[in-house]
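What follows is a short report on a single structure.
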Amino acid sequence: MTPERLDVEDALPRMQALSSRLWTPEARHHPGQLAWSAAYGEPDVLDLGPVFAADDAWAWLESRDWLEVCGTDPASVEAVVAAALEEADDEVHASTLETETAVVQVLGAAGFGEVELPWFTHHLLDLADLPPVSLPEAYAVRAVAPGEHEERAAVHRAAWSATSRVTGTAYRRLMATPPYRPGTDHVVIAPDGAWVASCCVWLDEETGVALVEPVGCVEEHRRLGLATAASVSALTAARELGATQGLVCPRGDDDYPAPARLYQGIGFRPGARTRTWRLSRGSR
């Protein structure tokens, strides 16, 4: 089989459809995570690589040294990985869930070995068990309105980094990328009217799984429960639209434990963790 080579913009709906069809708690990819990765920055800044797609698998060079792979059929996975490696750098990394047996086996056969890097744990929550939204006095939470891309990008940058790739132009593009919905993208407003925390939730209608990605709170307003409030509020909105399960993927190693504590405080419980793999081929 010869995989089709596509730009990520053209391939994204196909990638999302396969990730949705193959979704289980043991699968790594969610349509919302793919949308975020493909559109959180402006195209010339992200410089995303091509996608190699077959009927039952795809491999995406998110960059020339980073490979994302989705599929459960070993022959299809092998074909798309081989095609991607033809255009990858001599050293390339990939991340999988430990439960993605077919992908792990294909990467191993291709020469990838596991390396120790920061890892992430998928956490799941039955949305019937969501707690109520709780905010300090005079703070409020609401959904983002269409056209508020500049303000939404600004609160993300304030919470994460002034060098973040999330610009207003990029966020406007993100808001046009399915399955984004303004109604499940929530911000917390401080008493002075400033936007100080945010959470975007991506609902996959096919599976009922609502992914939390990303969450942030500006430094001056941390430790007040605002990131939790934004997350619960956005997940509650997703539940009202038919979501049944929440998903979030915080760091799992001991160097950055705060996000996992936040989500576990909401009721999320850890499942499978990621593993990172590296292929080093030397100069070809």
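Rule-based calculations on the coordinates, nothing more; no lab input. Keep in mind it's a predicted model, so treat the numbers as computed, not measured. Please note: Cβ atoms are built from the backbone with ideal geometry, for glycine as well, and neighbour counts cover all protein chains shown.
How high is the FRET efficiency between R261 and D192 when r is their beta carbon distance and R₀ equals 22 Å, given to the nearest 0.05?
Result of the calculation: an efficiency of 0.20.
If we count GluC sites (Glu not before Pro) as exposed when they sit in a DSSP loop and have at most 11 other beta carbons within 10 Å, what is the longest stretch of the chain that avoids them all? Can you show the working numbers first?
Working: sites that count: E86, E116, E137.
Excluding the exposed sites themselves, the longest stretch runs over 138-284.
Pick from P136, P31, P259: which is most flexible by mean-square fluctuation in a GNM of the chain where alpha carbon atoms under 10 Å apart are linked?
Between P136, P31, P259, it is P136 that shows the largest mean-square fluctuation.
Evaluate E = 1/(1 + (r/R0)^6) for E240 and A109, where r is the Cβ-Cβ distance and R0 equals 41 Å; express this FRET efficiency to the nearest 0.05.
On the way: r = 45 Å, r/R0 = 1.11.
FRET efficiency, E240 to A109: 0.35.
Picking from G147, V166, L34, whose Cα lies most toward the positive end of the charge dipole for the chain (charges on Cβ: Lys, Arg +1; Asp, Glu -1)?
The residue sitting farthest along the positive end of the dipole is G147.
So how do L211, L241 line up by other beta-carbon neighbours within 10 Å, fewest first?
Details: L211 25, L241 14.
Ordered by Cβ neighbours within 10 Å, fewest first: L241, L211.
Output the relative contact order of the chain, whole-number percent, from Cα pairs under 8 angstrom with separation of 6+ residues.
Numbers: 613 pairs, mean separation 67.3, N = 284.
RCO, the chain: 24 percent.
So for the pair A162, R222, with labels modelled 7 Å out along Cα→Cβ, what separation do we get in nm?
According to this spin-label approximation, the distance is 1.7 nm.
Using +1 at the Cβ of each Lys and Arg and -1 at the Cβ of each Asp and Glu in the chain, identify which of P214, L226, C199 lies farthest towards the dipole's positive end.
L226
Could you work out [θ]222 nm for the chain from helices alone, using -39500 (n - 2.57) per DSSP H run of at least four and dividing by all its residues? Round to the nearest 500 deg cm²/dmol. Write out the running numbers ahead of the final one.
On the way: 9 runs with 92 residues, N = 284.
Helices in the chain give a 222 nm mean residue ellipticity of -9500 deg cm²/dmol.
Computed FRET efficiency, Cβ-Cβ of V45 and A138, R0 41 Å: what is it to the nearest 0.05? Please list the in-between numbers first.
Values: r = 37 Å, r/R0 = 0.91.
Computed FRET efficiency for V45 and A138 comes out at 0.65.
Given a 10 angstrom Cα cut-off, can you work out which residue in H30, H221, H186 is the most mobile in a GNM of the chain?
Looking only at H30, H221, H186, the biggest GNM fluctuation is shown by H221.
Sort largest first and round to whole Å: the equivalent ellipsoid semi-axes of the chain, each the square root of five times a Cα gyration tensor eigenvalue. Provide the component values of the computation, followed by the final result.
Details: eigenvalues 217, 76, 64 Å².
Taking √(5λ) for each eigenvalue gives 33, 19, 18 Å, largest first.
Compute the distance from the alpha-carbon center of region 98-137 to that of region 43-86, in whole Å.
Here the two parts' Cα centres lie 19 Å apart.
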